[in-house]
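Please read the structure below before turning to the comments.
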Amino acid sequence: MDSSFSSIVPAPQDPILTVYFASRDDLSPVKLNLSGGSYRSEEGKPLVLQAVRRAEQQLANDMSRDKEYLPLDGLAEFNKLSAKLILGDDSSAMKENRVVTIQCLSGTGSLRIGAEFLAKHNQERVIFVSNPTWGNHPNIFSLAGFSVEYYRYYDPKTRGLDFKGMLEDLGAAPSGAIVVLQACAHNPTGVDPTLKQWEQIRQVVRSKSLLPFFDNAYQGFASGDLELDAQAVRMFVNDGGECLIAQSFAKNMGLYGERIGALTIVCTSEDVVRKVKSQLLLVVRPMYLSPPIHGASIVTTILKNSDMYNDWTVELKGMANRIFSMRKQLNEALQARGTPGDWSHIIKQIGMFSFTGLNEKQVRFIAKEYHIYMNYDGRVSIAGLSSKTVSQLADAIHAAVTRMA
Amino acid sequence: MDSVFSNVVRAPEDPILGVTVAYNNDPSPAKLNLGVGAYRTEEGKPLVLDVVRRAEQQLVNDPSRVKEYIPIAGLADFNKLSAKLILGADSPAIQESRVATIQCLSGTGSLRVGAEFLKKHYHQSVIFIPKPTWGNHPKVFNLAGLSVEYYRYYDPATRGLDFQGLLEDLGAAPSGAIVLLHACAHNPTGVDPTSEQWEQIRQLMRSKSLLPFFDSAYQGFASGSLDTDAHAVRIFVADGGECLIAQSYAKNMGLYGERVGALSIVCKSADVASKVESQVKLVVRPMYSSPPIHGASIVATILKSSDMYNDWTIELKGMADRIINMRQQLFEALQAKGTPGDWSHIIKQIGMFTFTGLNKEQVAFMTKEYHIYMTSDGRISMAGLSSKTVPHLVEAIHAAVTRVA
């Protein structure tokens with residue numbers, strides 16, 4: 001009997017995983033993995049926030065809690081608090097009941113549910129993402145039935161934003177196309193528009209009737225301030241127009257593995273919201289019935305308790321500040337070595353990642369000679385650095401830049 | 001401003017969820033909810049197993065535990081233990097590394113991921129499902145891109161299995177078609193084939209190269225024995241052929257809201273299993289990146305500790321026995337009352353549900369006059385009954401059968 005699956009070919013290895021495995025298999029005692037997307041402490045360890053541990057203890061010790069199915073749209077309190085977090089306590093869209101929020105599986109799940117819903121109900125089946133963007137974005141949208149196009153975003157010459165190119169490409173997009181905008185701390189580049197630039201982007205998007213789909217994975221993690229990191233999203237919502245927002249608590253609450261996030265759709269009226277919500281549930285039910293309870297309960301516990309909320313903001317700011325500090329230290333270390341080139345982008349970029357500007361040859365050289373692992377596109381996780389390892393990375397970059405083209 | 005969603009229509013409400021909504025709105029103190037698919041104690045309350053609470057406490061109090069992303073395929077030990085649970089610890093398929101197991105979001109998630117994988121990689125895209133089956137099955141498969149056909153299953157005349165019809169319909173299926181089989185405790189009918197009948201089904205399916213896709217949502221919950229309830233799956237795997245298995249811990253570990261389950265694909269060779277696993281991961285990553293850590297950790301903790309495992313089997317048997325007891329009580333009470341008709345199917349059927357044989361009008365009557373809630377197909381959840389409420393249900397059935405055609 002032959003296998004029904006004998007013609008299946010092995011899937012290509014995810015490039016990020018390739019780097020991870022190479023780092024895992026490197027026996028050098030000085031090896032450093034800067035390819036991952038999760039925060040590390042100064043000691044190089046994963047971090048579970050104190051507020052999270054407290055919330056989890058509280059939940060586990062509460063004998064009145066059960067493990068029944070959540071509603072299809074998830075935990076109601078979680079949904080409300082998540083919407084308030086991104087839209088603001090005083091959001092008029094929320095007061096006017098023009099917002100539907102459903103709990104999803106972190107950012108990815110929110111993007112996928114939103115994309116499946118849009119593929120079913122939106123006229124245009126084309127979605128624009130930034131060039132470059134998170135590696136999983138194109139897969140999510142193609143599987144939902146979209147054709148994926150790119151708008152210019154990163155300028156390798158300045159290691160900053162190609163603002164002119166971005167406006168041109170958005171301006172040329174077909175009316176009704178969907179545009180993925182990263183709310184802050186752009187992944188993989190770390191390059192964010194300024195608020196002034198966001199306003200111009202907003203105008204172009206609205207004038208061309210493009211539908212914004214925000215990927216909000218780093219609120220509070222970028223600047224350290226939850227309100228500040230929400231400005232771009234709120235600017236769009238405040239103009240009364242519609243948008244989608246995929247929200248993740250993976251990074252800002254360190255809840256990576258719990259898969260907790262939310263999809264919010266802001267509509268023009270309460271009536272539309274009701275219909276949209278009912279259709280969203282039709283996407284969820286045949287995918288996984290209802291979302292998982294644990295992560296949502298932790299987030300809710302923290303967000304609704306003002307002491308825990310405050311403690312969380314302090315820890316969140318701590319993580320963001322440590323990342324700022326690492327950026328500063330790395331930039332200073334490269335300046336101190338006289339490494340050729342302008343390295344100011346390291347402190348201009350924001351969030352977990354930096355697009356160093358190193359090319360693949362240089363990246364591979366660094367892995368081989370210095371046992372430091374980063375993505376082949378030159379992205380490093382600044383969150384993976386520590387004061388002890390900054391000089392190692394600076395040495396590696398210096399060597400790569402001076403010895404390899 | 002016009003909404004881009006103005007053409008979105010209100011989706012119909014889910015019929016099963018509608019039952020609970022109606023129940024919640026009923027002010028009668030005598031109301032009884034026999035619609036939900038979740039276990040209830042003799043006191044009518046949801047149940048969190050003691051062993052689950054212990055496992056959870058252990059996890060939450062372990063400061064060395066982190067919340068990093070788990071692999072795309074889920075927790076490795078959870079996957080191994082889940083495969084052993086359904087296939088048996090001594091399964092040659094496991095020993096020969098021919099099983100690819102991927103942690104998914106409970107049964108639904110396992111079915112959806114499996115279906116998406118088959119749509120992409122299997123040469124047949126038609127799946128045969130029993131008539132009737134769980135209401136969500138057709139949607140899960142349709143959205144994955146498979147076309148759905150039905151095979152005869154339930155015989156209203158006998159309130160048992162239409163075995164002849166089943167064999168005829170599977171016999172007429174195109175070679176290679178996928179066939180959904182409920183491993184035990186068929187939902188909604190409670191009607192399972194005998195082991196002799198399973199053997200005939202197996203022979204027929206293998207002779208026509210039909211691909212079995214098992215939905216195993218009640219292992220241990222049906223008979224009270226984990227091994228007995230795995231019998232159908234194991235005879236198929238023992239013949240060396242291939243199959244898919246969607247496994248859920250929602251009912252047998254009471255982990256409904258944690259959304260924990262596993263998809264196992266039993267292949268002809270280790271090489272094929274490895275390629276299959278790599279391709280299944282490509283389905284998962286753009287859907288939700290990786291599965292949630294909490295529920296899988298609870299399951300793994302219980303399955304790998306022999307004490308906890310034993311305690312679990314006792315609690316599981318306790319739930320199964322209570323349901324069997326309710327069946328017995330309901331049957332005897334109907335006999336004692338002299339309710340017209342043959343009610344032996346109540347004790348012949350197995351698992352959480354009974355297909356009473358009541359028609360839509362009788363069901364509506366029972367809801368209106370007796371405040372008893374069930375799905376309109378006459379399915380009742382035995383898990384929702386208690387010794388105290390059996391008499392009320394008997395009154396209602398008796399009235400319905402004697403007064404409504």
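At a glance:
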{"read-out": "Number of the condition not met by A:Y69 [criteria: (1) within 30 Å of A:R285 (Cα to Cα); (2) more than 10 Å from chain B (Cβ to nearest Cβ); (3) not small (G, A, S)]", "value": "(2)"}
{"read-out": "Of residues in the range B:34-50 being in contact with a Ser or Thr (Cβ under 9 Å, 6 or more places away or on another chain) and either surrounded by fewer than 19 Cβ atoms within 10 Å (Cβ to Cβ) or β-branched (V, I, T) (or both), the one farthest from the other protein chains (Cβ to nearest Cβ)", "value": "B:E42"}
{"read-out": "Failed criterion for B:A144 (all others in (1) within 27 Å of B:Q197 (Cα to Cα); (2) at pLDDT 95 or above hold)", "value": "(1)"}
{"read-out": "Condition met for A:D239 (open to solvent by 10 Å² or more (accessible area, probe 1.4 Å) and touching a strand residue (DSSP E or B) at 6+ places or on another chain (Cβ under 7 Å))", "value": "no"}
{"read-out": "Subset of the range B:260-282 [over 15 Å from A:L105 (Cα atoms), within 9 Å of another protein chain (Cβ to nearest Cβ) and of a type in the set (V, I, T)]", "value": "B:I265, B:V272, B:V276, B:V280"}
{"read-out": "Members of the range A:370-403 that are among the acidic types (D, E) and in contact (Cβ under 8 Å) with a residue 60 or more places away in the chain", "value": "A:D377"}
{"read-out": "Cross-chain or 6+ apart pairs with Cβ under 8 Å, the range A:121-145 first and within 11 Å of chain B (Cβ to nearest Cβ) and farther than 22 Å from A:D377 by Cα, then among the β-branched types (V, I, T) and open to solvent by 50 Å² or more (accessible area, probe 1.4 Å)", "value": "A:N122/B:V4; A:Q123/B:V4"}
{"read-out": "Extreme residue, nearest to the other protein chains (Cβ to nearest Cβ), among residues of the range B:54-93 that are open to solvent by 50 Å² or more (accessible area, probe 1.4 Å) and of a type in the set (K, R)", "value": "B:R65"}
{"read-out": "Candidate set from the range B:233-259 (those that are under 15 Å from B:S106 (Cβ atoms) and among the small types (G, A, S)); member that is nearest to the other protein chains (Cβ to nearest Cβ)", "value": "B:G257"}
{"read-out": "Residue within the range A:268-281 that is more than 7 Å from every other protein chain (Cβ to nearest Cβ), touching a helix residue (DSSP H, G or I) at 6+ places or on another chain (Cβ under 8 Å) and not in a strand (DSSP E or B) present", "value": "yes"}
{"read-out": "Residue list for the range B:164-175, restricted to those being more than 30 Å from B:S381 (Cα to Cα) and open to solvent by 10 Å² or more (accessible area, probe 1.4 Å)", "value": "B:E168, B:G171, B:A172, B:P174, B:S175"}
{"read-out": "Filter result for B:M326 (within 14 Å of another protein chain (Cβ to nearest Cβ) and touching a residue at least 12 places away in the same chain (Cβ under 8 Å))", "value": "no"}
{"read-out": "Residue in the range B:276-296 that is in a helix (DSSP H, G or I), under 30 Å from A:D73 (Cβ atoms) and within 20 Å of the chain's Cα centre (by Cα) present", "value": "yes"}
{"read-out": "Among residues of the range A:173-183, those that are open to solvent by 10 Å² or more (accessible area, probe 1.4 Å), more than 22 Å from A:M374 (Cβ to Cβ) and touching a strand residue (DSSP E or B) at 6+ places or on another chain (Cβ under 9 Å), counted", "value": "2"}
{"read-out": "Cross-chain or 6+ apart pairs with Cβ under 8 Å, the range A:3-19 first and at the interface with another protein chain (Cβ under 8 Å from one of its Cβ atoms), then among the aromatic types (F, W, Y) and open to solvent by less than 50 Å² (accessible area, probe 1.4 Å)", "value": "A:S4/B:Y122; A:F5/B:Y122"}
{"read-out": "Qualifying position, being small (G, A, S), open to solvent by 20 Å² or more (accessible area, probe 1.4 Å), free of Cβ contacts under 8 Å to residues at least 40 places away in the same chain and more than 9 Å from chain B (Cβ to nearest Cβ), among A:S306, A:S223", "value": "A:S306"}
{"read-out": "Filtered residues of the range A:1-27 (kept if closer than 21 Å to A:G378 by Cβ, open to solvent by less than 50 Å² (accessible area, probe 1.4 Å) and part of a loop (DSSP other than H, G, I, E, B))", "value": "A:D14, A:D26"}
{"read-out": "Residues (open to solvent by less than 90 Å² (accessible area, probe 1.4 Å), assigned to a loop (DSSP other than H, G, I, E, B), free of Cβ contacts under 8 Å to residues at least 12 places away in the same chain and hydrophobic (A, V, I, L, M, F, W, C)) located in the range B:1-33", "value": "B:V4, B:F5, B:V8, B:A11"}
{"read-out": "Matching residues, the range B:134-148, being open to solvent by 20 Å² or more (accessible area, probe 1.4 Å) and either within 11 Å of another protein chain (Cβ to nearest Cβ) or in contact with a Ser or Thr (Cβ under 9 Å, 6 or more places away or on another chain) (or both)", "value": "B:W134, B:G135, B:P138, B:K139, B:N142, B:L143, B:G145, B:S147"}
{"read-out": "Yes/no for A:A250 being part of a loop (DSSP other than H, G, I, E, B), within 14 Å of chain B (Cβ to nearest Cβ), of a type in the set (A, V, I, L, M) and surrounded by 20 or more Cβ atoms within 10 Å (Cβ to Cβ)", "value": "yes"}
{"read-out": "Positions within the range A:134-165 being open to solvent by 20 Å² or more (accessible area, probe 1.4 Å), farther than 20 Å from A:L195 by Cβ and not in a strand (DSSP E or B), in sequence order", "value": "A:W134, A:G135, A:P138, A:N139, A:S142, A:L143, A:G145, A:P156, A:K157, A:R159"}
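The values are calculated or read from the model by the stated rules, or taken from the named source; none is laboratory data. Keep in mind it's a predicted model, so treat the numbers as computed, not measured. For neighbour counting, all protein chains shown are included, and Cβ atoms are generated from backbone atoms with ideal geometry for every residue, glycine included. Just the protein is used for accessible areas: all its heavy atoms, side chains included, with ligands, DNA and RNA removed. Shrake-Rupley method; radii C 1.70, N 1.55, O 1.52, S 1.80 Å.
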